[in-house]
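Student: Structure incoming, see below.
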Amino acid sequence: MPARTSSFIPAALEQLGSQTASFAPDEVVDLRRFLSRVPDPRDVRGRRYPAAALLCAAVAAVLTGARSLLAISEWITDAPQQVLGTFGFAIDPLTGFRPVPHAATVRRLLHRIDGDALDAALCAYLQARTPLVSQPEAKRTVRRVIAVDGKVVRGSRTRTATAIQLLAAMDHHGVVLAQRQIAAKSNEIPSFQPLLGPLDLENAVLTTDALHTQHDHGAYLIGRGAHYVAVVKKNHPGLYAQVAELPWRDIPLGHRARERAHHRDEVRRLKGAAFSHLDYPGARQAIQVVRWRREMSTGKLTIERVYLITSLSVFDATCAELATWIRGHWGIENLLHHVRDRTLREDDSKIRTGTLPRAMASLRNPAISVFRQDGKTNIAAALRHTSRDYRRPLRILGLT
């Protein structure tokens with residue numbers, strides 16, 4: 001839900017974007033310090049529980065596999081007193097115990113929380129958790145590769161409103177760097193630049209699908225010092241004709257890979273051609289990828305040709321690197337969207353009120369990303385392991 005013009009949300013987002021530099025290295029991984037800067041939408045007179053404590057507890061609950069608001073509330077209710085104190089819940093001076101918030105308290109907060117501020121805090125935490133390590137001894141520049149793609153939260157659809165759409169930026173290792181809700185009756189294109197605005201894109205490589213092969217996007221990335229690898233389809237007929245009509249038969253093969261998995265045998269061939277006259281900002285190469293895919297059960301053969309353009313020259317990236325990045329772009333589907341749908345059952349969720357669908361999606365991102373950062377590949381197994389001990393999510397989130 002967009003903030004009103006008079007809202008203090010933009011200032012808070014700007015503060016969140018630069019908060020990493022204000023913390024010492026040993027403090028920067030503490031989730032509480034990031035969530036404490038998310039504006040509390042509740043009236044001051046009715047705040048019995050700190051918003052940061054409620055949000056921190058909700059993140060920890062999802063990290064143990066909680067899929068619904070009820071499951072989050074039940075996990076908080078059963079949490080030991082010491083764990084509640086770690087989150088920031090205060091002791092009642094009359095009873096000597098830390099009271100547990102009611103399920104409605106958690107629901108009301110997430111119902112009104114600003115999604116952009118929450119995403120900014122969680123993504124800033126994830127980026128600070130594993131800072132980029134410079135490698136001056138490396139002969140080639142180690143580039144950060146970021147995939148941008150959208151997702152529809154199907155369970156949020158109502159009789160009067162369409163399902164919300166979210167646009168996310170994820171590095172190719174599976175860590176969510178930014179997320180933004182797409183405005184109703186719009187598409188992903190206007191949200192592209194605001195999504196990437198807070199990120200450091202210097203020398204990064206952005207991989208996108210054909211929807212984001214827009215001249216404005218290309219110029220924006222070049223202006224930010226970034227590079228792109230973008231798919232070209234017939235929705236850009238002039239550019240597509242330029243690339244498809246190149247003499248690909250005469251261009252030598254740059255990279256070949258073969259893979260057998262999921263009951264199919266696939267061969268991928270990549271060719272690159274330096275071409276400085278492409279009708280797209282900063283384009284330096286045209287790329288052709290041919291995929292030969294045979295279903296091992298039926299023997300059916302399909303051949304697919306995909307054309308791309310990139311701002312990287314032949315000296316900036318090898319064909320093997322380009323092939324890896326092109327294939328890695330779909331990791332945002334396999335490493336993020338598929339896990340949110342299948343493991344955390346996002347599309348099955350019936351939460352539809354206010355900003356709740358957006359807030360729940362935001363809570364699921366760190367639950368996946370922190371495991372990716374820690375080298376876990378089976379997210380379902382990691383969730384089960386974390387759920388067996390209340391101290392485990394605290395350690396993972398830097399709270400102890």
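The values are calculated or read from the model by the stated rules, or taken from the named source; none is laboratory data. Small disclaimer: the values here were computed from a predicted structure and weren't measured. Note: ideal-geometry Cβ built from the backbone for every residue, glycine included; neighbour counts use all protein chains shown. These area figures cover heavy atoms from the full protein model, side chains too; ligands, DNA and RNA do not enter into them. Shrake-Rupley method; radii C 1.70, N 1.55, O 1.52, S 1.80 Å.
Student: Have a look at 241, 210, 183 and point out the one that is in contact (Cβ under 8 Å) with a residue 40 or more places away in the chain and of a type in the set (Gly, Ala, Ser). Step through it out loud before you land on a result.
Tutor: On the way: 241 fails: in contact (Cβ under 8 Å) with a residue 40 or more places away in the chain; 210 fails: in contact (Cβ under 8 Å) with a residue 40 or more places away in the chain.
183 is the lone residue from the list that is in contact (Cβ under 8 Å) with a residue 40 or more places away in the chain and of a type in the set (Gly, Ala, Ser).
Student: Would you say residue 293 is assigned to a strand (DSSP E or B) and open to solvent by 20 Å² or more (accessible area, probe 1.4 Å)? Don't jump to the end; show me each part of the working.
Tutor: Values: assigned to a strand (DSSP E or B): yes; open to solvent by 20 Å² or more (accessible area, probe 1.4 Å): yes.
Spelling it out, residue 293 is indeed assigned to a strand (DSSP E or B) and open to solvent by 20 Å² or more (accessible area, probe 1.4 Å).
Student: I need the full set of residues from region 219-264 which are of a type in the set (Asp, Glu) and under 13 Å from residue 280 (Cβ atoms), in order please.
Tutor: Here is the first cut: in region 219-264, the residues of a type in the set (Asp, Glu) are 245, 250, 259.
Selection gives nothing.
Student: Kindly provide the set of residues from region 73-111 that are open to solvent by less than 70 Å² (accessible area, probe 1.4 Å) and of a type in the set (Asp, Glu), ordered by number.
Tutor: Result: 92, single match.
Student: Checking residue 288 against (1) touching a helix residue (DSSP H, G or I) at 6+ places or on another chain (Cβ under 6 Å); (2) modelled with pLDDT of 95 or more; (3) open to solvent by 20 Å² or more (accessible area, probe 1.4 Å), only one condition comes out false. Which one?
Tutor: It fails just one condition, (3).
Student: Also, I was wondering about something else. Residues in region 39-67 that are under 17 Å from residue 367 (Cβ atoms), in contact with a helix residue (DSSP H, G or I) (Cβ under 8 Å, 6 or more places away or on another chain) and part of a loop (DSSP other than H, G, I, E, B): how many? Even if it seems obvious, please write down each step before you answer.
Tutor: Applying the first criterion (under 17 Å from residue 367 (Cβ atoms)) to region 39-67 yields 54-67.
In the following step, the residues that additionally are in contact with a helix residue (DSSP H, G or I) (Cβ under 8 Å, 6 or more places away or on another chain) were identified as 54-66.
Okay, now just the ones that are also part of a loop (DSSP other than H, G, I, E, B), so 64-66.
Result for region 39-67: 3.
Student: Turning to a different aspect of this structure: Kindly indicate which of 2, 25 is open to solvent by 30 Å² or more (accessible area, probe 1.4 Å), part of a loop (DSSP other than H, G, I, E, B), more than 16 Å from residue 119 (Cα to Cα) and modelled with pLDDT under 50. Can you show your working first?
Tutor: On the way: 2 fails: more than 16 Å from residue 119 (Cα to Cα).
Among 2, 25, only 25 is open to solvent by 30 Å² or more (accessible area, probe 1.4 Å), part of a loop (DSSP other than H, G, I, E, B), more than 16 Å from residue 119 (Cα to Cα) and modelled with pLDDT under 50.
Student: Scan region 296-320 for residues that are assigned to a strand (DSSP E or B) and in contact with a Ser or Thr (Cβ under 8 Å, 6 or more places away or on another chain) and jot them down. So that I can check it myself, show each step before the final result.
Tutor: At the first step, the residues of region 296-320 found to be assigned to a strand (DSSP E or B) are 301-310.
The answer is 309, and nothing else.
Student: Determine whether residue 269 is touching a Gly at 6+ places or on another chain (Cβ under 9 Å), outside any loop (DSSP other than H, G, I, E, B) and either open to solvent by 80 Å² or more (accessible area, probe 1.4 Å) or among the basic types (Lys, Arg) (or both). Please lay out each step first, then the result.
Tutor: On the way: touching a Gly at 6+ places or on another chain (Cβ under 9 Å): yes; outside any loop (DSSP other than H, G, I, E, B): yes; either open to solvent by 80 Å² or more (accessible area, probe 1.4 Å) or among the basic types (Lys, Arg) (or both): yes.
Yes, satisfied.
Student: Residues being open to solvent by less than 40 Å² (accessible area, probe 1.4 Å) and either farther than 20 Å from residue 307 by Cα or out of contact with any Pro (no Cβ under 6 Å at 6 or more places or on another chain) (or both): count how many of those fall in region 198-225. Full working, then the answer.
Tutor: Initial filter on region 198-225 (open to solvent by less than 40 Å² (accessible area, probe 1.4 Å)): 199, 201, 204-210, 212-213, 217-218, 221, 225.
This time we only want the ones that are either farther than 20 Å from residue 307 by Cα or out of contact with any Pro (no Cβ under 6 Å at 6 or more places or on another chain) (or both), so: 199, 201, 204-210, 212-213, 217, 221, 225.
Number of matching residues: 14.
Student: Could I ask something else about it? Using the structure shown, decide if residue 240 is hydroxyl-bearing (Ser, Thr, Tyr) and open to solvent by 30 Å² or more (accessible area, probe 1.4 Å).
Tutor: Values: hydroxyl-bearing (Ser, Thr, Tyr): yes; open to solvent by 30 Å² or more (accessible area, probe 1.4 Å): yes.
For residue 240, the condition - hydroxyl-bearing (Ser, Thr, Tyr) and open to solvent by 30 Å² or more (accessible area, probe 1.4 Å) - is met.
Student: On to the next question. For the structure I just gave you, tell me whether residue 326 is assigned to a helix (DSSP H, G or I), modelled with pLDDT of 95 or more and surrounded by fewer than 23 Cβ atoms within 10 Å (Cβ to Cβ).
Tutor: yes
Student: Being exposed (fewer than 15 other Cβ atoms within 10 Å of the Cβ) and modelled with pLDDT under 95, is that true of even one residue in region 349-356? If you could, list the steps in order and put the result at the bottom.
Tutor: Within region 349-356, the first condition is being exposed (fewer than 15 other Cβ atoms within 10 Å of the Cβ), and the residues that meet it are 350, 353.
Now drop any that are not modelled with pLDDT under 95, which leaves 350, 353.
Checked against the condition, which is being exposed (fewer than 15 other Cβ atoms within 10 Å of the Cβ) and modelled with pLDDT under 95, region 349-356 yields at least one hit.
Student: Find all pairs meeting these conditions: Cβ atoms under 8 angstrom apart; at least six residues apart or on different chains; first residue within region 85-111 and under 16 Å from residue 32 (Cβ atoms); second residue loosely packed, with under 13 Cβ neighbours inside 10 Å and of a type in the set (Asp, Glu).
Tutor: Qualifying pairs under 8 Å: 98/92.
Residue-wise test of (1) charged (D, E, K, R); (2) in contact with a strand residue (DSSP E or B) (Cβ under 9 Å, 6 or more places away or on another chain).
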site	(1), (2)
273	no, yes
299	no, no
320	no, yes
342	yes, no
351	no, no
359	no, no
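Student: Taking region 81-106, which residues are within 23 Å of residue 370 (Cα to Cα) and part of a loop (DSSP other than H, G, I, E, B)?
Tutor: 88
Student: Ok, one more. If I ask for residues that are modelled with pLDDT under 90, open to solvent by 50 Å² or more (accessible area, probe 1.4 Å) and closer than 17 Å to residue 341 by Cα, which ones from region 130-188 would you list?
Tutor: Those that are modelled with pLDDT under 90, open to solvent by 50 Å² or more (accessible area, probe 1.4 Å) and closer than 17 Å to residue 341 by Cα: 154, 157.
Student: If I ask for residues that are among the aliphatic types (A, V, I, L, M) and either surrounded by 24 or more Cβ atoms within 10 Å (Cβ to Cβ) or more than 17 Å from the chain's Cα centre (by Cα) (or both), which ones from region 360-378 would you list?
Tutor: Passing the criteria: 360, 361, 367, 368, 370.
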